[in-house]
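Following: one structure in structure tokens, then a few remarks.
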Amino acid sequence: MANEVAPWQVRDNDDDNELRLLLEQDRIWNCFALADLLPPMRDSTRFVTASRPGNSPSALLLIVQHPEIQVISPFGDAAGVAAILANARLPERTLVQTTAAHRPLLEGVYRPVPAWRAMQRMAVNAQTFVPVPADARVERLTAEESAEVTDLYRLFPEGHFRPELLAQGSYHGLRVDGRLVAIAGTHVVVEKYGIAVVGGVFTHPDARGKGYARSVTSAVVSHLLGRGCRDVVLNVFAENAPAIAVYHRLGFQTAHQMWTGQAERRQGGDAVNDASPAIAAIVLAAGKSSRMGANKLLLPLDGHPLVWHAVQTACASSADVVLVVLGNEAERVAAALPPGRYQRVDNPRFADGLSTSLRAGLDALPENVDGALILLADMPFTASATVEALLAAAREAPDRIAAMNQRGRPTPPVYWPRALFGELHNIHGDEGGRSLLMRSPDAVHLVATAQSDEALDVDAPEDYQRIVGRRAGG
């Protein structure tokens with residue numbers, strides 16, 4: 001196949017050396033694609049590239065069509081990816097893995113079935129790895145333990161274990177009184193390119209909260225680095241805060257926010273509705289922290305400043321626009337934020353209360369935005385699943401308020417329709433819309449929380465002491 005979409009040239013590319021050079025530009029994102037360049041997956045994998053005339057390819061679509069898995073994943077120049085999607089031979093149904101930059105392009109061609117889930121792609125190397133002390137209960141697992149391993153993974157519905165993986169990869173387990181209670185393994189190990197992907201990290205429900213996941217994951221990473229892997233990668237769902245905390249403590253850092261899920265090709269009458277509501281997410285991170293005595297947003301939590309968590313959740317969401325409002329110690333807070341797709345908004349009047357930050361955020365929104373989900377930076381446990389549920393409610397009924405349900409009462413995050421922006425502008429002092437919520441509580445769509453601790457916030461030193469470490473576990 002060779003099509004020219006001026007100025008792009010789109011083709012199925014079988015030049016593995018050229019493909020590897022392109023994939024190595026971001027080996028963390030392309031960890032699976034690098035593995036697919038080699039047997040046994042190479043025969044089931046297509047790489048469609050786009051290049052400008054006379055230049056090397058700058059965009060790529062990975063297409064895996066294997067009897068056990070079908071995946072597409074784009075990489076590179078967004079205009080090149082768009083040309084590929086417009087001209088390549090695409091599967092009718094597939095699993096999608098994409099970053100924010102390419103998600104709108106894929107959604108123009110594919111319909112999520114159901115909604116795609118937010119994930120983080122994290123990575124560690126020899127310089128950043130923080131191993132745990134060796135635990136004599138942790139052992140390398142072999143094919144002889146396949147029956148035990150299979151039994152444990154039966155409790156893990158999202159796992160994709162096959163007994164042959166014990167011989168092909170690196171699996172370590174932890175035993176208590178002779179019983180296998182925790183395990184971690186690998187999806188792929190590509191020694192030729194010095195990269196591996198960890199997966200199947202699972203602890204028996206009866207043995208959680210004791211650090212076992214951290215121990216077995218540490219053992220796998222140590223083994224992989226010892227085998228010459230320069231980078232060790234893993235994917236984790238964005239709402240899985242305890243697992244993310246474990247990986248942070250081992251030195252993993254988030255390299256990409258991503259989305260994944262099943263998708264079907266759109267048909268002629270199933271085009272994307274360009275008039276669908278545009279919803280923004282605004283993180284308010286400008287407060288004085290007067291009760292704390294120091295800037296609470298810079299306090300450490302799970303290896304990151306507290307403000308990092310809410311901004312990360314917003315950036316990982318499906319919100320069309322993400323704003324972060326800064327004020328108190330703005331430059332220090334800005335330096336503590338994760339890399340992401342947010343727009344910074346400065347509020348010079350932050351000392352006059354929360355309402356001024358709310359107004360600053362609303363004033364910075366594009367005119368085409370139909371409503372805004374307001375998140376508070378001092379609520380680090382707000383789950384991605386809850387944010388997605390609120391955004392879904394907003395898109396379903398963009399003219400109705402939606403809020404997180406805390407024991408039957410609305411609590412942040414809160415979605416506000418544009419029709420109420422004027423009334424929010426009239427609020428003064430240290431309030432963010434509570435009076436409007438209380439005026440007609442029955443009119444508010446309450447969304448259930450995904451986790452029990454999501455409404456916890458940090459105002460005073462005792463709040464911080466009570467919640468610190470809650471995300472740590474395993």
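The values are calculated or read from the model by the stated rules, or taken from the named source; none is laboratory data. Quantities reported herein were computed from a predicted structural model and do not represent experimental measurements. Quick reminder, even Gly has a Cβ in these numbers, built from the backbone with ideal geometry, and neighbours come from all protein chains shown.
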Which is buried (at least 24 other Cβ atoms within 10 Å of the Cβ) and touching a helix residue (DSSP H, G or I) at 6+ places or on another chain (Cβ under 7 Å), of L373, L337?
L373
When (1) of a type outside the set (D, E, K, R); (2) surrounded by 13 or more Cβ atoms within 10 Å (Cβ to Cβ); (3) in contact with a strand residue (DSSP E or B) (Cβ under 9 Å, 6 or more places away or on another chain) are applied to V113, the one that fails is (2)
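For (1) in a loop (DSSP other than H, G, I, E, B); (2) modelled with pLDDT under 95, each residue gets a yes or a no:
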| position | (1), (2) |
| --- | --- |
| Q120 | no, yes |
| P131 | yes, no |
| A134 | yes, yes |
| E139 | no, no |
| S146 | no, yes |
| D151 | no, yes |
| F156 | yes, yes |
Exactly one of T411, T386 is closer than 28 Å to A115 by Cα, crowded, with 19+ Cβ neighbours inside 10 Å, polar (S, T, N, Q) and touching a residue at least 60 places away in the same chain (Cβ under 8 Å), and that residue is T386
Looking only at strands (runs of 3 or more DSSP E) that fall completely inside the range 1-78, which ones have 2 or more residues that are on the phi < 0 side of the Ramachandran plot and either of a type in the set (A, V, I, L, M) or under 26 Å from the mean Cα position of the chain (by Cα) (or both)?
2-5, 45-51, 59-66, 69-76
Criterion (loosely packed, with under 13 Cβ neighbours inside 10 Å and either in contact with a strand residue (DSSP E or B) (Cβ under 9 Å, 6 or more places away or on another chain) or without any contact (Cβ under 8 Å) to a residue 12 or more places away in the chain (or both)) met by exactly one of D26, D43:
D43
From the set of residues in the range 303-322 that are in a loop (DSSP other than H, G, I, E, B) and buried (at least 22 other Cβ atoms within 10 Å of the Cβ), which is nearest to the chain's Cα centre (by Cα)?
A316
Counting only residues that are small (G, A, S) and in a loop (DSSP other than H, G, I, E, B), which one in the range 327-348 is nearest to the chain's Cα centre (by Cα)?
G340
Does any residue of the range 179-200 turn out to be outside the structural domain of N17 (by TED's automatic domain parsing), farther than 18 Å from M122 by Cβ, out of contact with any strand residue (DSSP E or B) (no Cβ under 8 Å at 6 or more places or on another chain) and part of a strand (DSSP E or B)?
yes
